[in-house]
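Colleague: First the structure, then my questions, so here it is.
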Amino acid sequence: MTHDDHSHDGHGHDHAHEHGHDHPHDHGPFQPDIKEPSEDWEFLEIALRELMIEKEIITAREIQDKIEEWDGKCPEMGARVVAKAWFDPDFKARLLADGNAGVGELGLEVPGLKLVVLENTPKLHHMIVCTLCSCYPRPILGLPPLWYKSREYRSRAVREPRAVLAEFGTDLPDTVEVRVVDSTADCRFLVLPVRPEGTSTWSEEQLATLVTRDSMIGTSIAKSPIRIA
Amino acid sequence: MSARFKTGDCVIVRTDNPAGHVRTPTYLRGKRGVILREFGPWPNPEQLAYGKPGWPRKTNYWVQFAMDEVWGGSGAYAKGDTVVAEIYEHWLEPDTARRSES
């Protein structure tokens, strides 16, 4: 952090710096605090939320319940779907034919959107991106990782997918078609990764431990049982 | 409503550049692709974004493009790599210069 960064000149507030000592050298906190709202949309959200609570349209508890509901969704849900598809070929066929109905068998729902499950094979590797915003199968995988929403990932994934994959440690031979899936509209895509070799005797529960979030986005492949053992 | 295109049809994405909420990525406009799948009719997002009902509904297609068609060789991809995107019917024109690949 430079001295200029630390200086609060011109930031429009006037409290004195009280560091418990008074020498003026530069040492900010090791990690900056979460920043105060400053953007128009942040003020809009706060104003709208407070007004809706004040007018008893919604309660703070209901907002918190919704946040906890979303925080409760996680890639382990998707891993259960993938493991079942690996374990049960009939389920896999149903899942690929109709993603919503398939995950419904596990009690999962993707309301209002068409869930499309894309099977990776030794010849075809799907990799999901949303170049327009951050479309992601949230009901199945939870909230997307920050990098998924970054301009860097969104712009590079469609143009230099092999370079992006390499940075994720995923090196695929040129004989595999990398099919970058730009999630631009009403479908949500979930990648069914290739089942790792050496797992033919594994149970569904064991298989689920090999399924990572990134393998269901397609930036990685599933974990190898050899590396785990 | 009936879909204008079927799987395997060659299409060109319109080069239009309208203001407002559009779901057709700029980098695919004017590019030649092939219909991989049809996802059925959906309310038009270009209207939904402004609080309108989105009628008439528009058929949503999964369109596949060769990386070379999109980037002309300047990118980190292999020869057979592709990009697919969901494109609404009113953004697609038949590619009469190419035969259907179905």
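The values are calculated or read from the model by the stated rules, or taken from the named source; none is laboratory data. All values derive from a computational prediction rather than experimental measurement. Glycine gets a Cβ as well: all are built from the backbone with ideal geometry, and neighbour counts include every protein chain shown. SASA here: full protein model, heavy atoms, side chains in, ligands and nucleic acids out. Shrake-Rupley method; radii C 1.70, N 1.55, O 1.52, S 1.80 Å.
Colleague: For a quick check of your reading of the filter: which GluC sites (Glu not before Pro) in the range A:74-150 sit in a DSSP loop and have no more than 16 other Cβ atoms within 10 Å?
Modeller: A:Glu105, A:Glu109
Colleague: In a GNM of chain A with a 10 Å cut-off on Cα contacts, which of A:Gly169, A:Gly107, A:Gly72 has the highest mean-square fluctuation?
Modeller: Taking springs between Cα atoms under 10 Å, the residue moving most is A:Gly107.
Colleague: Which is the longest stretch in chain A that no exposed loop site breaks, taking sites as trypsin sites (Lys or Arg not before Pro) with a DSSP loop state and at most 16 other Cβ atoms within 10 Å?
Modeller: The longest uninterrupted stretch comes out as A:124-222.
Colleague: Step through the table entries A:Lys66/A:Lys92; A:Lys73/A:Lys149; A:Lys223/B:Lys6, compare each Cα-Cα distance with 28 Å, and write down the pairs that go over it.
Modeller: A:Lys66/A:Lys92; A:Lys223/B:Lys6
Colleague: Could you tell me the total accessible area buried at the A-B interface, probe 1.4 Å, in square angstrom to the nearest hundred?
Modeller: 2200 Å²
Colleague: Can you check how the C-alpha radius of gyration of the protein assembly as shown compares to 2.2 N^0.38 Å, as a plain ratio?
Modeller: 1.18
Colleague: Roughly how many Å² is the accessible area per residue of the range A:118-229, as a whole number, for a 1.4 Å probe? Spell out each step's value before the answer.
Modeller: Values: 4810 Å² over 112 residues.
Counting only protein heavy atoms, the per-residue value for the range A:118-229 is 43 Å².
Colleague: When chain A is modelled as a GNM with alpha-carbon springs shorter than 10 Å, which of A:Ile58, A:Ile140, A:Ile34 fluctuates the most?
Modeller: Of A:Ile58, A:Ile140, A:Ile34, the Gaussian network model singles out A:Ile34 as fluctuating most.
Colleague: If packing is taken as the average count of other Cβ atoms within 10 Å, what order do B:7-14, B:62-69 fall into, highest mean first?
Modeller: Working: B:7-14: 18.4, B:62-69: 20.5.
Result, highest mean Cβ count within 10 Å first: B:62-69, B:7-14.
Colleague: Accessible area drop of at least 10 Å² (1.4 Å probe, protein heavy atoms): which residues of the range A:169-187 qualify, relative to the chain alone?
Modeller: Flagged in the range A:169-187: A:Asp174, A:Glu177, A:Val178, A:Arg179, A:Val180, A:Val181, A:Asp182, A:Thr184, A:Ala185, A:Asp186, A:Cys187.
Colleague: Follow-up question, since we're still on this one. Can you send over the carbon and sulfur percentage of the accessible area for chain B, probe radius 1.4 Å, protein chains only?
Modeller: Summing carbon and sulfur atoms, their accessible area is 50 percent of the total for chain B.
Colleague: Further question on the same structure: Mind giving me the FRET efficiency for B:Leu48 and A:Glu204? R0 is 45 Å, r the Cβ-Cβ distance, nearest 0.05 is fine.
Modeller: The pair B:Leu48/A:Glu204 has a calculated efficiency of 0.70.
Colleague: What average number of partner chain Cβ atoms lie no more than 10 Å from the Cβ of the residues making up B:69-78?
Modeller: Partner-chain Cβ atoms within 10 Å, mean over residues of B:69-78: 4.
Colleague: Taking θ = phi - 60°, what integer Hz values does the Karplus form 6.51 cos²θ - 1.76 cosθ + 1.60 yield along the range B:39-51, in sequence order, with x for Gly and Pro?
Modeller: For the range B:39-51, the Karplus-derived couplings read 9, x, x, 9, x, 5, x, 5, 9, 4, 4, 10, x Hz, x marking Gly and Pro.
Colleague: In the neighborhood of A:Gly112, defined by Cβ-to-Cβ distances under 12 Å, what is the net charge if each Lys or Arg adds +1 and each Asp or Glu adds -1?
Modeller: +1
Colleague: Compute the projected area of the convex hull of the Cα atoms of the range B:10-94, averaged over all viewing directions, and report it in nm² to one decimal place. Working shown, then result.
Modeller: On the way: hull surface 23.3 nm².
Computed as one quarter of the Cα hull surface, the answer is 5.8 nm².
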